[in-house]
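The values are calculated or read from the model by the stated rules, or taken from the named source; none is laboratory data. Note that the structure is a prediction, hence the values are computed from the model and not measured. We place every Cβ from the backbone using ideal geometry, glycine too, and count neighbours over all the protein chains shown. To get the accessible areas, we keep the full protein, side chains included, count just its heavy atoms, and leave off ligands, DNA and RNA. Shrake-Rupley method; radii C 1.70, N 1.55, O 1.52, S 1.80 Å.
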Amino acid sequence: MTLDRTWRGCAFIGTSLDGYIAKPDGDLTWLTEPERRTHIADEGAHPALVWETFFPTVDTIVMGRTTYDTVSGFEQWPFEGKTVIVLSSRLHASPHAQVARSVEHASDMLAATDAKRVYVDGGRTIQSFLAAGLIDEITVSIAPILLGRGSRLFGELDRDVLLTLRGHHSTPDDGLVRVTYDVARA
């Protein structure tokens, strides 16, 4: 794994208020259907990142196999023009992405492609990159819903991960509260 990396790892993900990123069956409609949520404006907040300002700043995306399978089913490939790396031990080839077999392999690939700002997507992939010290920034969009079960964003950690608040805000059109943190170096 590249120790002196030149890229910045950035997580950007939606969760329920109780910390789930998907229902047990993988369903995401609770996040993708904003008309189901109650909306209220937050007038005095410092802005966190939103997708429209975040996505154009990344040049590379690393995602897990589950996330890849989900976005591969979309009518149009959502990451056109971006380098995509899929972290998977089973995927052999992809028309849209390169395949890395481990976090270390992905980190080496990022160094080799001269990545600068890397969007790390998918619950297990974010957990793995965080455990390896490869996440520098986390933006969480919290949806006003309690799911009670499903896939959690953060699993058990072997150490505390200190975060510094960079910004936060809520948006009246979708009811999401967005919070952006910088991850302190261990």
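Assorted remarks:
- Selected residue (only one of Gly175, Gly155 is assigned to a loop (DSSP other than H, G, I, E, B), touching a Lys or Arg at 6+ places or on another chain (Cβ under 6 Å) and not aromatic (Phe, Trp, Tyr)): Gly175
- Being open to solvent by less than 70 Å² (accessible area, probe 1.4 Å) and under 17 Å from Thr67 (Cα atoms) is a property that Ile126 has.
Yes/no per residue for (1) among the polar types (S, T, N, Q); (2) farther than 21 Å from Gly26 by Cα:
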position	(1), (2)
Lys82	no, yes
Ser88	yes, no
His96	no, yes
Ser107	yes, yes
Lys116	no, yes
Gly122	no, no
Ser128	yes, no
Gly133	no, yes
Asp136	no, yes
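- No other residue among Ala115, Ala143 is modelled with pLDDT of 90 or more and more than 14 Å from Gly14 (Cα to Cα) apart from Ala115.
- Hey, Thr60 under 21 Å from Thr139 (Cα atoms) and modelled with pLDDT of 85 or more or not: yes
- Qualifying residue in segment 103-111 (condition: among the small types (Gly, Ala, Ser), surrounded by 17 or more Cβ atoms within 10 Å (Cβ to Cβ) and part of a loop (DSSP other than H, G, I, E, B)): no
- Meets criteria (within 23 Å of Ala132 (Cβ to Cβ) and exposed (fewer than 13 other Cβ atoms within 10 Å of the Cβ)) for Arg117: no
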